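Taking it in order: structure first as structure tokens, then the write-up.
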Amino acid sequence: MNSAGCYETGLAMLERIDGRGGSEVVKSLEDIAPDFGRLLIEFPFGCIYPRPGVDLKTREIATIAALAAMGNALPQLKIHIRACLNVGCSRLEITEILMQMAVYAGFPAALNALFAAEEVFKAMKGEEAAQ
């Protein structure tokens, strides 16, 4: 697939997974690094996410586990926790996945991830109440 095809596929995939969250990140890059924003859409969302063999729920579980284990990517973790919910994960599943990270990434990383999840859950509850 050429880069234009990956970009269009990536935009559609990003909307499906993240709704407005992902496009806000890309928009925030327009003034500083618009090419990076384009690559962010093309490569992960246009070339990797649509690949066969792993469904979106599994991809998002892997993503939140990796981001939690990194311990230094809380803004991205929050976006992907929301995405994980959007593709079918429950709050309980996300909580258990993040607790599992204590075993392999340490308690501080798991605690930070759990607090990030709590923020996302509260924000989404507030959004639901506002509708």
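Per residue of the chain, what 222 nm ellipticity follows from adding -39500 (n - 2.57) for every DSSP H run with n ≥ 4, rounded to the nearest 500?
The per-residue figure over the chain is -24500 deg cm²/dmol.
As an exercise, use a Förster radius of 35 Å and the Cβ-Cβ distance of residue 125 and residue 48 to find the FRET efficiency, rounded to the nearest 0.05.
In this case the efficiency is close to 0.70.
Under unit Cβ charges (Lys, Arg +1; Asp, Glu -1), what dipole magnitude, rounded to 20 debye, does region 61-131 have relative to its Cα centre?
80 debye
Given the chain, what count of lysine pairs have C-alpha atoms under 19 Å apart, with each pair 8 or more places apart or on different chains?
4
Report the label-to-label distance for residue 103 and residue 36 in nanometres (one decimal), using points 7 Å from each Cα along the Cα→Cβ vector.
3.5 nm
Just the accessible area per residue of the chain, please: how many Å² with a 1.4 Å probe?
Counting only protein heavy atoms, the per-residue value for the chain is 59 Å².
How would you classify region 15-77 from its alpha-carbon gyration tensor, with a ≥ b ≥ c the square roots of the eigenvalues: rounded for a/c under 1.5, else prolate if a/b is greater than b/c, otherwise oblate?
oblate
Which of the cysteines in the chain are isolated, no other cysteine C-beta under 4.7 Å?
When partners are defined as cysteine Cβ atoms under 4.7 Å apart, the chain leaves 6, 47 without one.
So if I place +1 on the C-beta of Lys and Arg and -1 on the C-beta of Asp and Glu, and nothing else carries charge, what would the dipole magnitude of the chain be about its Cα centre? I want it in debye, nearest 20.
Result for the chain is approximately 220 debye, rounded to the nearest 20.
Once neighbouring chains are kept in place and the probe is 1.4 Å, which whole percent of the accessible area of region 1-110 is contributed by carbon and sulfur?
With neighbouring chains kept in place, the figure for region 1-110 is 61 percent.
Helix hunt in the chain: which complete DSSP H runs extend at least 20 Å axially by C-alpha with mean Kyte-Doolittle at least -1.0?
3-18, 56-70, 91-105, 107-130
Using log10 I(q)/I(0) by the Debye sum over Cα atoms at q = 0.09, 0.15, 0.20, 0.21 Å⁻¹ as the read-out, say which of (i) -0.27, -0.74, -1.17, -1.24; (ii) -0.33, -0.71, -1.00, -1.06; (iii) -0.24, -0.70, -1.28, -1.41 was calculated from these coordinates.
(i)
The values are calculated or read from the model by the stated rules, or taken from the named source; none is laboratory data. Just so you know, these numbers come straight off a predicted model, no measurement behind them. Methodologically, a virtual Cβ is constructed for each residue, glycine included, from the backbone with ideal geometry; neighbour enumeration extends over all protein chains shown. Surface accessibility is based on the protein's heavy atoms, side chains included, excluding ligands, DNA and RNA. Shrake-Rupley method; radii C 1.70, N 1.55, O 1.52, S 1.80 Å.
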